[in-house]
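Asks: Starting off with a structure, shown below.
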Amino acid sequence: MADRKIIAVVGATGAQGGGLVRAIVSDPYKTFIARALTRDVNSDKAKALAKLGAEVVPADLDDVAGLTRAFTGVHGAFCLTNFWEHFSPEKEYAQAKRQAEAAKDVGVRHVIWSTLEDTRKWVPLSDNRMPTLMGKYKVPHFDAKGEVEQEFRKLGVPTTFLLTSFYWDNLINFGMGPKKGPDGTLLFTLPMGDKKLPGIAAEDIGICALAIFKEGETHIGKRVGIAGEHLSGEEMSATMTKVLGKPVRYNAVTPEQYRAFGFKGADDLGNMFQFNRDFSEEFCGARDLAVTRRLNPKLQTFEAWLTQNKSRIPLG
Ligand SMILES: NC(=O)c1ccc[n+]([C@@H]2O[C@H](COP(=O)([O-])OP(=O)(O)OC[C@H]3O[C@@H](n4cnc5c(N)ncnc54)[C@H](OP(=O)(O)O)[C@@H]3O)[C@@H](O)[C@H]2O)c1
């Protein structure tokens, strides 16, 4: 027990970090101890993690001193920001930079930064195929995550850049599930045309992250992209029809229509799907299914995930 290394997990009460904590505590080899970071050690989610055997410690991404304390003595740190809590790419950048600085300060041996592409490398601000948002972004919740990678590199923090994928859990939690159309048929709406979208069960991200920490050195300085499957809207709708036992039709809207849906972040997501669609080959190519399955041999397919979770999907 005494020589077991510690992994600090940012976002431990959330989807990605929670999956990692559960993977660490259920690892039959008990390779690591999970240190779960949270702003509220008394929340039900934090208490549930403590019950599973994680060390639960207070930390706030807006407080570098607290983060540094929480990273002290750890071997690895899983670093994450939650854009959707504040909708500010600048805040996301600052919070990620603080994590890099804290990791540098205390000499963390292996950091995983949960990242996404800086889409401006593919679609510069001058490119009018999609609108520029917030003055200097194309896909705000992607761009800052990709841009801030430079801070980890500049500081020489030994980092693996983990490119994640669209969570299928968005069908439950993010209002992206099929909804009744005017004739009562369930419609699954995506502005992806016939292109494939890499997706994953959110719980599988942490399992991959654990494998990366275990394999260590070989992944440092590298990008690792993960996905459970690459599926078109048509293919996802066909699987939903089969598993939900009700017809689900793919409703292929345009990115312009999606951006105009009007909910907070619709423009950001419309641009994201347009980027995913227009660079589908490269975007899917960066998320290798065989690599993901090697890291996580129990990787779920969309059908398996849906079968487990179908009762949780609101069919509006
Ligand atoms: N939805 C998708 O399909 C998808 C796909 C790829 C990437 N992402 C990215 O995933 C990120 C969110 O990760 P998630 O889905 O795992 O999160 P989540 O389930 O929404 O939970 C958010 C987590 O972030 C922690 N957190 C937020 N602000 C914090 C702060 N100031 N200090 C300390 N902890 C803080 C929360 O901890 P406490 O509340 O306990 O402090 C919580 O554990 C987003 O940036 C999003 O862009 C999402």
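The values are calculated or read from the model by the stated rules, or taken from the named source; none is laboratory data. All of these numbers come straight from a predicted model, not from anything done at the bench. Backbone-built Cβ (ideal geometry, glycine too); neighbour counts: all protein chains shown. When the accessible area is computed, the model is the full protein with side chains, heavy atoms only, and any ligands, DNA or RNA have been set aside. Shrake-Rupley method; radii C 1.70, N 1.55, O 1.52, S 1.80 Å.
Asks: Over the chain, what is the relative contact order in whole percent, taking alpha-carbon pairs under 8 Å and six or more residues apart?
Replies: Relative contact order comes out at 17 percent.
Asks: Just how far, in whole angstrom, is the stretch 197-214 from the stretch 47-91 if you go by their alpha carbon centroids?
Replies: 18 Å
Asks: Still on this structure, I have one more. Give me a comma-separated list of calculated 3J(HN,Hα) values for the stretch 86-93, in order, Karplus coefficients 6.51, -1.76, 1.60 applied at θ = phi - 60°, integers in Hz, x for any Gly or Pro.
Replies: Running phi through 6.51 cos²θ - 1.76 cosθ + 1.60 with θ = phi - 60° gives 9, 6, 10, x, 5, 5, 4, 4 Hz.
Asks: Over the stretch 41-85, what per residue volume does the convex hull of the Cα atoms give, in whole Å³?
Replies: Taking only Cα atoms, the stretch 41-85 has a hull volume of 100 Å³ per residue.
Asks: So if the hydrodynamic radius of the stretch 94-235 is defined as the Kirkwood radius over C-alpha pairs, what does Stokes-Einstein give as its diffusion coefficient at 10 °C and 1.306 mPa s, in µm² per second?
Replies: Translational diffusion coefficient: 92 µm²/s.
Asks: List, in the order given, every pair from Lys97/Lys138; Lys5/Lys47; Lys45/Lys264; Lys222/Lys264; Lys97/Lys179; Lys138/Lys222 whose Cα-Cα distance in the structure shown is over 28 Å.
Replies: Long pairs (Cα-Cα over 28 Å): Lys222/Lys264; Lys97/Lys179.
Asks: Once the other residues with Cβ under 9 Å from the Cβ of Arg98 are scored (Lys, Arg +1; Asp, Glu -1), what is the net sum?
Replies: So the surrounding residues net to -2.
Asks: Please compute the Kirkwood hydrodynamic radius over the chain, one decimal place, Å, based on all pairs of different Cα atoms.
Replies: 20.1 Å
Asks: Continuing with the same structure: Identify the trypsin sites (Lys or Arg not before Pro) of the stretch 92-147 meeting these criteria: DSSP loop state and at most 16 other C-beta atoms within 10 Å of the C-beta.
Replies: Hits after loop and neighbour filter: Arg109, Arg129, Lys136.
Asks: Rg (Å, one decimal) plus Dmax (Å, integer) for the alpha carbons of the stretch 190-295?
Replies: 16.1, 48
Asks: In percent, how large is the relative contact order of the stretch 35-116, given Cα pairs closer than 8 Å and 6 or more residues apart?
Replies: Rounded, it is 30 percent for the stretch 35-116.
Asks: Now, a different point. What FRET efficiency comes out for His86 versus Asp288 if R0 is 41 angstrom and r is the Cβ-Cβ distance? Round to the nearest 0.05.
Replies: The calculated FRET efficiency here is 0.80.
Asks: Could I ask something else about it? For n ≥ 4 DSSP H runs only, could you compute -39500 (n - 2.57) per run for the chain, divide by its residues and tell me the 222 nm figure to the nearest 500?
Replies: Calculated at 222 nm, the ellipticity per residue is -12000 deg cm²/dmol.
Asks: Solvent-accessible area per residue for the stretch 184-316 at a 1.4 Å probe radius, Å²?
Replies: 44 Å²
Asks: Let me ask another. With each pseudo-label sitting 7 Å past Cα toward Cβ, what's the Asp194-Thr301 distance in nm, one decimal?
Replies: Distance between the two pseudo-spin positions: 2.2 nm.
Asks: Also, I was wondering about something else. Summarise the accessible area of the chain (1.4 Å probe, protein heavy atoms) by the percent that is carbon and sulfur.
Replies: 53 percent
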